[in-house]
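Every number in this text was worked out from the coordinates using simple rules, so none of it is lab data. Here the structure is a predicted model, which is why all the values come from computation and not from measurement. Glycine gets a Cβ as well: all are built from the backbone with ideal geometry, and neighbour counts include every protein chain shown.
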Amino acid sequence: MEKFVAEIVGTMILILLGDGVVANVVLGKTKGQASGWIVITTGWAMAVAMAVYAVGRISGAHINPAVTIALAAVGKFPWSDVPLYIIGQFIGAFIGAVLVWLAYYSHFAETDNPALKLAVFSTAPNIRSYGLNLLTEIIGTFMLVFGVLAIGANKLADGLAPLLVAFLVWAIGLSLGGPTGYAINPARDLGPRIAHAVLPIPGKGDSDWGYAWVPVVGPIIGGLIGAFVFTALFPA
């Protein structure tokens, strides 16, 4: 149960700070309105660092079903713990999204564009092409899991690894985030998307369920490929 709670808390922190920076940039009349992609990618990177520092020593801070499934697939995590971790991650993501909604409650009413309101919670492609969007998410999550395993394989001080994972996520956002917004995490996208669907947000529009499968399926595939490629190239 301690690991379950840790995954809830870690994923909640990830979404609170990650979706929070998006809200600050895209919603109306915020202090950070229109401050741009660099701010968003930096905020997400720091969100990852804080989440991993908070719960890494307890659960390993997967905070991402794609990571959990990939690690289990290559024998680095027990399959018996996978369901509990994933449930915790989705619960944490939903809670984090609700907290962002509360923090920016007044600013949703000051935003006319429903797409911007949805962007606070979940990702969407700038050019909608499901096959290419899926491929982008596969590539991004491949790099995430490959990079996490590479960082873990090095003899690094324990306190440095979370910061390096944050740099990895920052690099993915800057380099690969443009086409789809780099979900690279099924819980990060689907949990807040459910929150968007159920919360009383004025003028929010629909939750774009037609696209919702892409940031779930793509990261799982990409994570599996990243884990298998790394362990094949660099067996322990």
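Quick notes on this structure:
- Residue check for residue 25: more than 20 Å from residue 161 (Cβ to Cβ), in contact with a Ser or Thr (Cβ under 8 Å, 6 or more places away or on another chain), of a type in the set (A, V, I, L, M) and part of a helix (DSSP H, G or I): yes
- Output for the stretch 22-42, where each listed residue is in contact with a Gly (Cβ under 7 Å, 6 or more places away or on another chain) and either crowded, with 23+ Cβ neighbours inside 10 Å or touching a residue at least 60 places away in the same chain (Cβ under 8 Å) (or both): 24, 41
- Condition check for residue 66: among the small types (Gly, Ala, Ser) and crowded, with 17+ Cβ neighbours inside 10 Å: yes
- Every residue from the stretch 62-81 that is in a helix (DSSP H, G or I) and under 22 Å from residue 151 (Cα atoms): 65, 66, 67, 68, 69, 70, 71, 72, 73
- In the stretch 168-179, residue nearest to residue 17 (Cα to Cα) [restricted to those that are surrounded by fewer than 21 Cβ atoms within 10 Å (Cβ to Cβ) and in contact with a helix residue (DSSP H, G or I) (Cβ under 7 Å, 6 or more places away or on another chain)]: 170
So that you can scan it fast, the table gives a plain yes or no per residue for (1) in contact with a Pro (Cβ under 8 Å, 6 or more places away or on another chain); (2) more than 19 Å from residue 37 (Cβ to Cβ); (3) buried (at least 23 other Cβ atoms within 10 Å of the Cβ):
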{"site": "74", "(1), (2), (3)": "no, yes, no"}
{"site": "113", "(1), (2), (3)": "no, no, no"}
{"site": "123", "(1), (2), (3)": "yes, no, yes"}
{"site": "126", "(1), (2), (3)": "yes, no, no"}
{"site": "137", "(1), (2), (3)": "yes, no, yes"}
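- Listed by position, the helices (runs of 4 or more DSSP H) inside the stretch 128-199 whose residues that are under 15 Å from the mean Cα position of the chain (by Cα) and charged (D, E, K, R) number at least 1 are 130-153, 186-198.
- Qualifying residues in the stretch 99-111 (those that are in a helix (DSSP H, G or I) and surrounded by 20 or more Cβ atoms within 10 Å (Cβ to Cβ)) - the one farthest from the chain's Cα centre (by Cα): 108
- When residues of the stretch 200-236 are limited to those that are among the hydroxyl-bearing types (Ser, Thr, Tyr) and not in a helix (DSSP H, G or I), the one nearest to residue 96 (Cα to Cα): 207
- The criterion of being surrounded by fewer than 18 Cβ atoms within 10 Å (Cβ to Cβ) and of a type outside the set (S, T, N, Q) does not hold for residue 60.
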